[in-house]
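Inspection log for the structure reproduced underneath, given as structure tokens.
Here, each number is a calculation from the coordinates, and none is a lab measurement. Since this is a predicted model, take the numbers as computed values, not measurements. Every residue, glycine as well, gets a Cβ built from its backbone with ideal geometry; the counts of neighbours run over all protein chains shown.
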Amino acid sequence: MEKNQLVDIWKQQLHDVFSLVKAGRADDKKKYRAEGFLHALRLSGVVSDREVNDIIEQTHQDVFGESVAERQARKATLNALKENDPDAYFNIPAVERRG
């Protein structure tokens with residue numbers, strides 16, 4: 001297989017994992033399979049760390065509509081609100097909290 005084919009397979013796996021997370025149906029088996037495939041790509045020199053980060057960022061943006069950093073910040077803010085003011089947290093509609 002060529003490099004592009006291998007990278008495309010991993011991109012699809014990553015997209016599937018993110019889509020399942022977004023739908024609230026995270027699948028650890030698929031996640032670990034994608035991680036193992038990525039590890040093999042890295043060890044064989046098919047992808048660089050820079051390429052991996054770019055692909056993850058782009059796929060995350062495509063699926064969630066926000067960058068990895070933006071999602072982490074939003075989730076951290078919601079978790080802090082839940083800890084400090086549970087009433088205010090639960091006043092936010094679940095659909096909005098889930099994002």
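Nearest 10 degrees, 0 to 90: what angle lies between the long axis of helix 28-43 and the longest principal axis of the chain (Cα atoms)? Helix 28-43 sits roughly 40 degrees off the main axis of the chain.
Cross-link reach is defined here as a Cα-Cα straight distance under 14 Å, omitting same-chain residues fewer than 8 places apart; for Lys3 the aspartates and glutamates meeting it are Glu51.
Counting helices only, and only those DSSP H runs with n ≥ 4, report the 222 nm mean residue ellipticity of the chain as the sum of -39,500 (n - 2.57) divided by its residues, in deg cm²/dmol to the nearest 500.
Calculated from helices alone, the mean residue ellipticity at 222 nm is -26000 deg cm²/dmol.
Each other residue within a Cβ distance under 12 Å of Phe37 adds +1 if Lys or Arg and -1 if Asp or Glu, for a net charge of +2. Recomputing Rg and Dmax of the Cα atoms in Å from the coordinates shown identifies the correct label among [x] 12.8, 39; [y] 23.4, 80; [z] 16.4, 54 as [z]. Straight-distance candidates among the lysines for linking to Lys22, with alpha-carbon spacing under 25 Å and chain neighbours fewer than 8 residues away dropped: Lys11, Lys30, Lys31, Lys75, Lys82.
Hey, how many Å between the Cα centroid of segment 6-22 and the Cα centroid of segment 38-99? If you average the Cα positions of each part, the centres end up 14 Å apart. For segment 58-90, the set of GluC sites (Glu not before Pro) satisfying both a DSSP loop assignment and a count of at most 14 other C-beta atoms within 10 Å is given as Glu66.
Sorted ascending by nearby beta carbons within 10 Å, beginning with the fewest, Leu14, Leu81 become Leu81, Leu14. By other beta-carbon atoms within 10 Å, ranking His39, His15, His60 with the fewest at the front produces His39, His15, His60.
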